[in-house]
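One structure is given below, encoded as structure tokens.
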Amino acid sequence: MDTLIHSLRDITIRRISVSEMDNNVYLLTAKESGAQLLIDAADNLPAIQGLLADAAEDTAATPKLALIATTHQHWDHVRALPALVEATGARTAAGKDDAPELPVPVDVLLDHGDVGNFDGFDVTAVHLRGHTPGSVALVYQDPAGPAHIFSGDSLFPGGVGNTQKDPGRFNQLITDVSERLFGVYPDDTVVHPGHGKPTTLGAERPHLAEWRARGW
């Protein structure tokens with residue numbers, strides 16, 4: 001299966017789906033420098049190592065996994081994290097309110113608006129409270145095209161993430177998603193969720209009021 005989903009001006013984006021829960025693992029590779037960001041080291045270390053091997057063809061430089069970012073603390077998104085850290089020596093990042101629950105020490109504690117500078121691209125953290133206290137989306141703003149949001153389990157095609165029927169958590173999440181994603185980024189922005197297929201903000205925007213009214 002071809003793991004390449006976007007070849008942009010400065011980076012490539014590759015994706016695999018792993019585990020019985022259809023977890024998406026994303027890899028961003030800078031074409032010029034080979035610097036890499038992996039998002040959500042879910043189950044299946046060999047598959048993730050295969051993803052890293054695939055990306056070697058995306059750069060003339062030597063690929064280097066600079067950071068493993070975790071969108072949120074849930075077990076299905078971190079099952080391969082300890083083994084991947086051990087295998088690669090890469091640094092780790094997560095939202096500061098979820099970091100204590102991760103199975104490895106977290107090197108970079110992410111706050112809302114923090115920008116990660118890689119050799120050839122930047123990624124911005126967006127704190128989306130509700131699915132978990134420290135959930136973050138990671139946003140790559142392509143200088144030559146639409147933005148790409150890696151939304152974890154906070155935004156999917158058809159709705160926001162699971163808040164266990166807790167009205168307070170749901171209201172927090174729908175508000176954060178509305179203000180911090182839909183209120184900031186345009187309709188052509190691509191959304192890459194933690195499970196399942198991608199969407200765009202434009203495809204989902206007409207349904208925001210409906211989601212809020214239904215309460216999930």
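The values are calculated or read from the model by the stated rules, or taken from the named source; none is laboratory data. This one's a predicted model, so the numbers in the text were calculated from it and none came from an experiment. Every residue, glycine among them, receives a Cβ derived from its backbone with ideal geometry; neighbour counts consider all protein chains shown. When the accessible area is computed, the model is the full protein with side chains, heavy atoms only, and any ligands, DNA or RNA have been set aside. Shrake-Rupley method; radii C 1.70, N 1.55, O 1.52, S 1.80 Å.
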- Query: (1) more than 30 Å from Lys165 (Cα to Cα); (2) modelled with pLDDT of 95 or more: which one isn't true of Leu102, the others all being true?
  - Reply: (1)
- Task: Note down all Cβ pairs under 9 Å where the first residue falls in the stretch 41-52 and is under 21 Å from Asp153 (Cα atoms), the second is open to solvent by less than 30 Å² (accessible area, probe 1.4 Å) and charged (D, E, K, R), and they're at least six residues apart or on different chains.
- Result: Ala42/Asp76; Asp43/Asp76
- Residue by residue through the stretch 7-31, note down the ones that are under 19 Å from Leu84 (Cα atoms) and in contact with a Pro (Cβ under 8 Å, 6 or more places away or on another chain). Asn24, Thr29
- Hits in the stretch 18-46 (condition: surrounded by fewer than 17 Cβ atoms within 10 Å (Cβ to Cβ) and of a type in the set (Gly, Ala, Ser)): Ser19
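Assigned to a helix (DSSP H, G or I) and either open to solvent by 10 Å² or more (accessible area, probe 1.4 Å) or out of contact with any helix residue (DSSP H, G or I) (no Cβ under 8 Å at 6 or more places or on another chain) (or both): does that describe Ala94?
Details: assigned to a helix (DSSP H, G or I): no; either open to solvent by 10 Å² or more (accessible area, probe 1.4 Å) or out of contact with any helix residue (DSSP H, G or I) (no Cβ under 8 Å at 6 or more places or on another chain) (or both): yes.
No: the conditions fail for Ala94.
Those residues that are surrounded by fewer than 18 Cβ atoms within 10 Å (Cβ to Cβ) and in a loop (DSSP other than H, G, I, E, B), I need them from the stretch 99-112; list them, please.
Result: Pro103, Pro105, Asp107, Asp111, His112.
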- Message: Any residue that is farther than 22 Å from Ala137 by Cα, charged (D, E, K, R) and touching a Lys or Arg at 6+ places or on another chain (Cβ under 7 Å) - is there at least one of those in the stretch 64-74?
- Response: no
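Restricting attention to the stretch 66-86, and to residues there that are part of a helix (DSSP H, G or I) and charged (D, E, K, R), which single residue is modelled with the lowest pLDDT?
Taking the stretch 66-86 as the starting set, the residues that turn out to be part of a helix (DSSP H, G or I) are 75-77, 81-86.
With the extra rule that they be charged (D, E, K, R), the set shrinks to 76, 86.
Values: Asp76: 95, Glu86: 98.
Among those residues, the one meeting the criterion is Asp76.
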- Task: Scan Thr189, Thr124 and give me the residue that is within 30 Å of Ala61 (Cα to Cα), among the β-branched types (Val, Ile, Thr) and touching a helix residue (DSSP H, G or I) at 6+ places or on another chain (Cβ under 6 Å).
- Result: Thr189
- Query: Is one or more of the residues making up the stretch 93-111 touching a residue at least 12 places away in the same chain (Cβ under 8 Å), within 21 Å of Gly196 (Cβ to Cβ) and in contact with a Lys or Arg (Cβ under 7 Å, 6 or more places away or on another chain)?
  - Reply: no
- Message: Would you confirm, using the coordinates I've provided, whether Gly50 is over 17 Å from Glu86 (Cα atoms), at pLDDT 95 or above and of a type outside the set (A, V, I, L, M)?
- Response: no
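Only residues that are assigned to a helix (DSSP H, G or I) and crowded, with 19+ Cβ neighbours inside 10 Å: list them for the stretch 170-210, please. Walk me through how you get there before you give the answer.
Quick first cut of the stretch 170-210, residues assigned to a helix (DSSP H, G or I) only: 170-182, 201-210.
Result: Phe170, Leu173, Ile174, Asp176, Val177, Arg180, Leu181, Leu201, Glu204.
Given the criterion in contact with a Leu (Cβ under 6 Å, 6 or more places away or on another chain) and within 22 Å of Leu8 (Cα to Cα), identify the matching residue among Ala147, Ala137. Walk me through how you get there before you give the answer.
On the way: Ala147 fails: in contact with a Leu (Cβ under 6 Å, 6 or more places away or on another chain).
Matching residue, one of Ala147, Ala137: Ala137.
State yes or no: is Val115 crowded, with 18+ Cβ neighbours inside 10 Å and among the aliphatic types (A, V, I, L, M)? Talk me through it step by step, then tell me what you get.
On the way: crowded, with 18+ Cβ neighbours inside 10 Å: no; among the aliphatic types (A, V, I, L, M): yes.
So Val115 fails the test.
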